[in-house]
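The values are calculated or read from the model by the stated rules, or taken from the named source; none is laboratory data. Since the model is a prediction, treat every value here as computed from it, not as a measurement. Positions of Cβ are backbone-derived with ideal geometry, glycine not excepted, and every protein chain shown enters the neighbour counts. SASA here: full protein model, heavy atoms, side chains in, ligands and nucleic acids out. Shrake-Rupley method; radii C 1.70, N 1.55, O 1.52, S 1.80 Å.
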Amino acid sequence: MREWLAAWLVALGACLLAVPSLGSAADAVVANGTSLEIQMLDPAAGDAGIENLTSGALDPRFQPFDFTAARKRDSAFWLRLRAEENSTPGSVPTLNISKGRHLQIQAYTVQGGHTVPLRAATYLPGFRGMHQIVLALPDRLVEGQLLYVRVDPQGQGWEGLQFGVSTLEQTLATGAERARMIAIAFGALMAMAFSSLLIWLVLSDRLLLFYATLFSLQALYVAYLSGQGFEWPLLELAAPVMSYTWNVTAALSGAAACLFVREIAELRLYSPKVYAIFGWMAITFVVLAFANVAQHVGLGGVVAAMGNLVFLGSAVFTLVVAFLAWQRNNRAAGWFLIAWGLLEGFTIATAIRLLVTDPEGAEGLLYYGLPLSMVAAAVLIALGVADRLRDQRLALSDAEKRAQTDPLTGVLNRRSLVERLEAACLRARARGLPIALLFIDLDHFKEINDTRGHQAGDACLRAVIGPIHAELRQSDVIGRYGGEEFVVILSSADIAAAGPIAERIRNRVADVRVEGFGEPIRVTCSIGVATSDTLGVWGEHLIARADAAVYDAKRSGRNRVQIAGALPA
């Protein structure tokens, strides 16, 4: 429990650590900005010309700025900005206006008694369809200086309007830092998703495909939500449907997450009903993705409210299911639990922050906390996937081992033994080396079973494995051929080497005493030796010749080694 908590705290700390240190730079425009008093021209004055405004004739018609009231008229309106202090010195002072992309801006100042239009130096993308227009000022603002801004709505988009004063150098540095953070997060998520997809092509595990889908959608979500994606090649093609991009990718990401959770938690095996629930939740998210078109018929608010409820409910349900799976000793689900708790924590914090403030007031979470939490979640979940694949590999290795070994003695079974012999013979023949085979048959084994019982016979079989192994090399192989018969494969051994090894095995087995079944049982064996260098045969022909030699040893009195001789011509 403590190691999982430590992992979660480390990931959380890494994300939080980055937020204040980087966020301080992101807030530079606000910290070094100039206070502006903003007033709006009375709509009843109509769409006046700039000359009428700068002449002062309409000064009494300006009133406190109320953006909501201004937008209710859905027509162009004028704003007057008054500098309440001198602006910060800089090479190129700027007026920065954060706004919805559908709001067209014209800005003016008065210099030397003449009206001067402000030119756009650059545009910087922002969250939720917002962007920032950076207007170059002729000179730094002085206290009391007036600026006039005409706002003309064209269509629909993010409804917000904020003003700040900075310098071009500082604004570009802040924009580059934000773009770099989003690009790093996008690149990391896409790289992990692509890597998972490549591994899926090899392993064909659905979990890897769901992982790739989930985090590629997360990457698209953060790219479009931050606005950076609309500035990048290929992704910019989604600009005409900008208002759908982040909502659709978020909904599809939720569907992928549902499919991923039910796989990593192994719900098909342990809870089929919950497995089916996650399937229906995934369908619900897909429906929500397509339901975004409802905003064209005035139902956008209803769909958004339903979407928020589904997201919140599914997040809590997912955490509960992952926790229960982890309690069931599913380590992969434990990694997912840490990652999902971290990601959902930042996502919910970001959503709450956006409800109470504009995106420009939540730079730390939007540009640093949320992207970093996504990358951290991708890494943690990748660890969970790797843990799951490792468990599967271990289970498969264990199953393969059980399929290849004799359950009583732990040595190879007959089928695996023959396969190893054929492979060893192919290698030996390719390298021009000999191979030897020992056929070991326990003496009087039927009598032991009949007089002492089968448990005593089993004990004798187990007891001789150790003495045989003691005389073998790492490259040699032993297997149970059947009943009381064992076969040893001696790689690269000729008759001169195989004979002494067989004799030492016989002596070691003769020293075995099996106790616990009355009088100690003395075990002996007869061994037949067959080698390729003397017989010129390979594979199962060696087994047959060694088996024949065993029968010769038995006829000669047992407890002896018999070398297989060449067949008469």
Exercise. May I ask you to list the residues in segment 510-544 that are more than 58 Å from the chain's Cα centre (by Cα) and among the polar types (S, T, N, Q)?
Key: Thr524, Ser526, Thr534
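May I ask you to list the residues in segment 217-240 that are surrounded by fewer than 21 Cβ atoms within 10 Å (Cβ to Cβ) and small (Gly, Ala, Ser)? Before the answer, list the steps.
Within segment 217-240, the first condition is being surrounded by fewer than 21 Cβ atoms within 10 Å (Cβ to Cβ), and the residues that meet it are 230-240.
Selection gives Ala238, Ala239.
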Quiz item: Name the pairs whose Cβ atoms lie under 6 Å apart, with the first residue in segment 101-122 and open to solvent by 30 Å² or more (accessible area, probe 1.4 Å), the second basic (Lys, Arg), and 6 or more positions between them or separate chains?
Solution: Gln106/Arg150
Practice problem: Could you tell me whether segment 468-484 includes any residue that is open to solvent by 30 Å² or more (accessible area, probe 1.4 Å), more than 30 Å from Arg206 (Cα to Cα), in a helix (DSSP H, G or I) and free of Cβ contacts under 8 Å to residues at least 24 places away in the same chain? | Solution: yes
Quiz prompt | Unmet requirement for Ala530, which otherwise passes all of (1) assigned to a strand (DSSP E or B); (2) open to solvent by 40 Å² or more (accessible area, probe 1.4 Å) | solution = (2)
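Using the structure shown, decide if Ser91 is in contact with a helix residue (DSSP H, G or I) (Cβ under 8 Å, 6 or more places away or on another chain), more than 29 Å from Gln228 (Cβ to Cβ) and not charged (D, E, K, R). Talk me through it step by step, then tell me what you get.
Working: in contact with a helix residue (DSSP H, G or I) (Cβ under 8 Å, 6 or more places away or on another chain): yes; more than 29 Å from Gln228 (Cβ to Cβ): no; not charged (D, E, K, R): yes.
Against the criterion (in contact with a helix residue (DSSP H, G or I) (Cβ under 8 Å, 6 or more places away or on another chain), more than 29 Å from Gln228 (Cβ to Cβ) and not charged (D, E, K, R)), Ser91 does not qualify.
Restricting to segment 187-246, count the residues that are aromatic (Phe, Trp, Tyr) and within 30 Å of Leu389 (Cβ to Cβ).
Residues of segment 187-246 aromatic (Phe, Trp, Tyr): 194, 200, 210-211, 215, 221, 224, 230, 232, 244, 246.
Restricting the remaining residues to those that are within 30 Å of Leu389 (Cβ to Cβ) gives 194, 200, 210-211, 215, 221.
Of the residues in segment 187-246, 6 are aromatic (Phe, Trp, Tyr) and within 30 Å of Leu389 (Cβ to Cβ).
Please verify whether Tyr211 is assigned by the TED database to the domain that holds Arg262, buried (at least 19 other Cβ atoms within 10 Å of the Cβ), in a helix (DSSP H, G or I) and in contact (Cβ under 8 Å) with a residue 40 or more places away in the chain, treating the condition exactly as stated. Talk me through it step by step, then tell me what you get.
Working: assigned by the TED database to the domain that holds Arg262: yes; buried (at least 19 other Cβ atoms within 10 Å of the Cβ): yes; in a helix (DSSP H, G or I): yes; in contact (Cβ under 8 Å) with a residue 40 or more places away in the chain: yes.
So Tyr211 passes the test.
Quick grid of which residues meet (1) outside the structural domain of Ala553 (by the TED database); (2) at positive phi; (3) of a type in the set (Val, Ile, Thr); (4) open to solvent by 30 Å² or more (accessible area, probe 1.4 Å):
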| site | (1), (2), (3), (4) |
| --- | --- |
| Pro407 | yes, no, no, yes |
| Arg427 | no, no, no, yes |
| Gly432 | no, yes, no, yes |
| Leu438 | no, no, no, no |
Quiz item: Which strands (runs of 3 or more DSSP E) does segment 49-154 wholly contain that include 3 or more residues that are out of contact with any Leu (no Cβ under 8 Å at 6 or more places or on another chain)?
Solution: 103-111, 114-117, 119-125
Quiz item: Name the pairs whose Cβ atoms lie under 7 Å apart, with the first residue in segment 488-516 and without any contact (Cβ under 8 Å) to a residue 40 or more places away in the chain, the second open to solvent by 60 Å² or more (accessible area, probe 1.4 Å), and 6 or more positions between them or separate chains?
Solution: Arg513/Pro520; Arg513/Arg522
